[in-house]
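The values are calculated or read from the model by the stated rules, or taken from the named source; none is laboratory data. Bear in mind that the values here come from a model prediction, so they are computed numbers and not experimental data. Backbone-built Cβ (ideal geometry, glycine too); neighbour counts: all protein chains shown.
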Amino acid sequence: MNAFSLPWRIFFGTIFSGLTLIGLLGNVIVIFIIGFDKSMRKSCMNILLLNLAVADVLNLMVGSVEWTHLIIKGYQKFVFPSIFCPISRYLECVFLYSSIMTQLIVCVERFIAIIYPIHARRLCTTKNVIKSLLGMWIFVFIIALPYIFSNVLSPTRKICFTSGMRETWFIVFKWVEFLSFYLSPAIIFLILYSKVAKSLWKNNRQLYEGSRSSSMKLNVYDTLNMRRNVVKMLVACVIVYFICYSPIQGLFIAKHLLNISLIPPYEFILIMNALAMTCSACNPLLYTLFSKKFRKRISEFLTCNICSNKNKFKIMKRSFSGRKGKSKEITDRNTTNNESNTFKDNSTTNTSSSNNKFSINRRRYYFSIRNKSIKLPKHSMSLSLFGK
């Protein structure tokens, strides 16, 4: 039975409790900001990041079962009924798998939206994203099933452990896990994000050649900078994931590929668990670091300004509608009193109509230039919480 002295208990207790509180608080704020704002849920990437936050919250909650008794009592013991031993390990892996798979879907969605903007209007829709997430959850619930059958509770030591680690079927399963959730995602992330970065960082001259005025150049620069910040944030999330889980995968490779027998001390195992929790806790911090819009949403959420802004919008809408009604009455009165100026009014109306058509055409031309230059449709990030 692994016993810890008081200094070790204080050290690991501070780390685990701090990571859990930070991760739960940050991810719950993300869930509230996106989940309770209908306009935010119209963005495909926001839906994906909402799913990622839910997976991280559940992972932190289930993971706390592993370390709570160890920190409080100083030794490892599974205090729940034996049926919860395989279930807790199974759910930990399910939420871990869902986290990396969600980041993989985000990577593919950003790649299509930036590299193939024409296809993005058809493929990167809310309906398709929800279907992808449903399929992903079904997949991870099925592929993590071996943990249900391999984890048991020791009747003497009351420790939850993996019983079939030396069996052939479990070793094959661990290889499938390594390839599916570590090596293959790493290769896909490297290839797709490299192409996205190349597309966003190499075309500055084309962007400015397509913009005739200084205001157009400023708008195009802001749009491009927004896309770059989003990609930086997503790449940072991926880097954190692989930093946190590489030590565990390194032990697996050393044991099964290099035939190096390693028995790490229990303190090292706890540090690896702390790294896994760090991955779930870091994502909201990265959103805050890279997104001005997210920081603004947090301040609005914490100060309850969202509700007040809605009330202000309703008041402005009512006042505008009242103003519109008054202007309509004045227009009707002037039309009745000035019937002799009908021809003049009609000619003025035709002139303004032609000017409006000309301005609309200019706007369409500007947007076509901008879309062609940045290779990304404007709609794909217009409702995104993580814009700038």
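At-a-glance table
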{"quantity": "In the range 136-156, residue nearest to the chain's Cα centre (by Cα) [restricted to those that are surrounded by 13 or more Cβ atoms within 10 Å (Cβ to Cβ) and among the hydroxyl-bearing types (Ser, Thr, Tyr)]", "calculated": "147"}
{"quantity": "Restricting the range 226-264 to residues that are within 24 Å of the chain's Cα centre (by Cα) and free of Cβ contacts under 8 Å to residues at least 24 places away in the same chain, the residue that is surrounded by the fewest Cβ atoms within 10 Å (Cβ to Cβ)", "calculated": "239"}
{"quantity": "Any hit, the range 196-209, residues being assigned to a loop (DSSP other than H, G, I, E, B), farther than 17 Å from residue 292 by Cα and modelled with pLDDT under 65", "calculated": "yes"}
{"quantity": "Search result, residues across the range 76-108 that are within 32 Å of the chain's Cα centre (by Cα) and among the β-branched types (Val, Ile, Thr)", "calculated": "87, 94, 100, 102, 105, 106, 108"}
{"quantity": "Matching residues, the range 80-106, being among the small types (Gly, Ala, Ser) and within 11 Å of residue 181 (Cβ to Cβ)", "calculated": "98, 99"}
{"quantity": "Residue check for residue 82: closer than 19 Å to residue 173 by Cα and touching a strand residue (DSSP E or B) at 6+ places or on another chain (Cβ under 8 Å)", "calculated": "no"}
{"quantity": "Candidate set from the range 119-135 (those that are loosely packed, with under 13 Cβ neighbours inside 10 Å and free of Cβ contacts under 8 Å to residues at least 24 places away in the same chain); member that is nearest to residue 199 (Cα to Cα)", "calculated": "119"}
{"quantity": "Test: residue in the range 57-75 that is outside any helix (DSSP H, G or I), at pLDDT 80 or above, of a type in the set (Ser, Thr, Tyr) and more than 30 Å from the chain's Cα centre (by Cα)", "calculated": "no"}
{"quantity": "Within the range 11-56, considering residues that are free of Cβ contacts under 8 Å to residues at least 24 places away in the same chain and small (Gly, Ala, Ser), the one surrounded by the most Cβ atoms within 10 Å (Cβ to Cβ)", "calculated": "35"}
{"quantity": "Residue tally, condition outside any helix (DSSP H, G or I) and over 27 Å from residue 179 (Cα atoms), over the range 117-144", "calculated": "1"}
{"quantity": "Any chance residue 114 is surrounded by 14 or more Cβ atoms within 10 Å (Cβ to Cβ) and either part of a helix (DSSP H, G or I) or touching a residue at least 24 places away in the same chain (Cβ under 8 Å) (or both)", "calculated": "yes"}
